[in-house]
Every structure is written in structure tokens, then in C-alpha cells.
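Read through the structure below, which is laid out as C-alpha cells, and then see the notes.
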């Protein structure tokens with residue numbers, strides 16, 4: 001049986017965390033701080049969108065440079081992140097592109113959406129997310145998205161190091177995730193990719209396999225840049241040198257400057 005990937009996010013947060021901690025979150029966060037020119041500041045407000053276990057937020061807090069905020073629709077992900085008892089950390093449950101009301105009036109210096117997560121929004125909702133983010137940025141704040149690389153997708157992601165990942169569950173047992181698993185099914189009219197996801201792991205003496213489908217919009221850098229320039233006081237930041245630092249994603253970034 002194949003189920004929607006949201007079943008994993010909402011009901012398998014600990015499993016997701018087991019195989020998604022495959023990046024150098026500290027290095028990536030320091031790159032974001034450098035990108036914004038915030039190297040000497042210790043009062044940064046960092047917001048992570050589609051945060052899941054909020055690993056980038058935790059990495060930011062390890063820098064000691066300010067306060068971290070996170071948004072995700074999954075209460076299980078929020079509970080998992082909060083269980084680390086982190087200070088200066090606020091995690092809110094909300095369905096993006098809308099921000100929770102408690103963030104009204106808060107200005108963020110860095111807003112970041114990691115690995116392909118904005119692909120769960122169609123173009124209209126991506127435009128709305130940009131609007132919400134840009135009006136929530138401080139003067140000089142930056143908005144950064146990790147987007148799909150079309151070249152990698154159209155090669156069935158065979159050149160992507162993270163396509164097959166071995167991991168260890170919270171119980172210390174081995175597992176393997178393949179994302180995507182098998183051919184990618186395209187919806188060309190909407191520029192949407194349907195990725196099959198296969199997760200195998202041991203639970204006690206049993207070997208369990210779960211199959212999911214992840215439907216993701218392939219937003220390009222050109223599209224994100226076009227949407228951003230529809231708003232005033234926005235400057236697109238050159239990021240081509242950063243792609244390899246973010247798991248071969250295409251990094252989009254812009255700065256809000258009054």
C-alpha cells in the first residue's frame with residue numbers, strides 16, 4: 001500500500017528524524033549567517049519554515065547568535081523538536097503559507113526553507129508565502145529557499161547522494177530509505193513530480209517496509225526570482241556557489257532592504 005508522505009510527517013516524526021539528519025546543519029547555518037552579513041550580531045531572529053525536527057534551528061541556537069523560531073503543520077514534529085528543551089526557541093504549528101498570529105509584529109533576519117520543502121506549495125501559495133515572508137523580514141533580512149535542481153530530477157535523481165540513505169532508528173536498529181524509489185512520474189501541465197518513497201527498517205525481529213508518495217512542485221530559481229521581484233525593496237542575491245553546500249539543491253536567496 002502506498003500512502004501520502006504527510007502520513008510520515010504527522011505520524012512518523014522520529015522515523016523521519018532518523019534518516020534526515022544527513023547534513024552538516026551547523027555549517028549550513030553559518031553559511032546563512034555569512035550570506036546575510038550578520039557575522040558580528042548576537043540578536044538575530046532565525047525562522048525555519050517546514051521545520052520538521054528543526055535541526056537548522058537547533059544549529060542556529062548553538063551559534064549563540066539570537067533566537068530561533070520554527071513553523072510546521074505536524075504537531076508530532078513540534079513535540080519532537082521541543083523535547084530537546086531548547087532555550088530561546090519557539091515552535092508553532094501552522095499550515096504555511098500563513099504564519100501563526102503569535103508571529104504578528106515579529107521581524108526576522110533570516111527566514112529559511114530547507115531541502116525542497118516549498119515544493120509542497122503550488123505557485124499561487126509560493127507567491128503568498130513570499131509575500132508573508134517579505135513583510136516579516138527586518139531591514140536587511142534575507143529569505144532563502146532550497147529548490148529542486150531540474151537536471152537532477154530529470155536524471156531520476158541518480159546523481160543525488162541522498163537518494164539512498166542507510167540510517168539507525170531510535171531503537172538502534174538499521175534501516176534504509178530510498179527517495180525516490182523507482183521512476184518519477186511527472187505531471188507536465190503543472191510541473192509536478194511524484195516521488196515514490198520506500199523506507200525499510202527493523203522493528204524488533206520484524207523487517208518492515210513502508211511506501212509513500214511525495215507530490216512536489218518543481219519551482220525553479222527563475223520562477224522564485226520573478227515572484228520576489230514583484231515586491232518592492234527586494235534584491236536577488238547570487239547563490240550559485242552555494243548549491244553544492246546544500247545537498248546539490250538550487251539555492252534561492254533575496255534580501256529585503258528598505
Of those in segment 103-138 that are without any contact (Cβ under 8 Å) to a residue 12 or more places away in the chain and in a helix (DSSP H, G or I), the residue farthest from residue 218 (Cα to Cα) is 135
Note: among 39, 95, just one is surrounded by fewer than 16 Cβ atoms within 10 Å (Cβ to Cβ) and either within 22 Å of residue 170 (Cβ to Cβ) or at pLDDT below 95 (or both), namely 39
Checked 192, 234, 177 against criteria (more than 21 Å from residue 131 (Cβ to Cβ), in contact (Cβ under 8 Å) with a residue 40 or more places away in the chain and in contact with a strand residue (DSSP E or B) (Cβ under 8 Å, 6 or more places away or on another chain)); the one match is 177
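Can you tell me which residue among 86, 142 is modelled with pLDDT under 95, in the same structural domain as residue 229 (by the TED database) and either surrounded by 15 or more Cβ atoms within 10 Å (Cβ to Cβ) or over 18 Å from the mean Cα position of the chain (by Cα) (or both)?
Exactly one residue qualifies, and that residue is 86.
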The one condition residue 217 fails out of (1) in contact with a strand residue (DSSP E or B) (Cβ under 6 Å, 6 or more places away or on another chain); (2) at pLDDT 95 or above; (3) surrounded by fewer than 21 Cβ atoms within 10 Å (Cβ to Cβ) is (3)
Flagged in segment 73-83 as surrounded by 14 or more Cβ atoms within 10 Å (Cβ to Cβ) and without any contact (Cβ under 8 Å) to a residue 40 or more places away in the chain, in numbering order, are 78, 81, 82
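The values are calculated or read from the model by the stated rules, or taken from the named source; none is laboratory data. Keep in mind it's a predicted model, so treat the numbers as computed, not measured. Glycine gets a Cβ as well: all are built from the backbone with ideal geometry, and neighbour counts include every protein chain shown.
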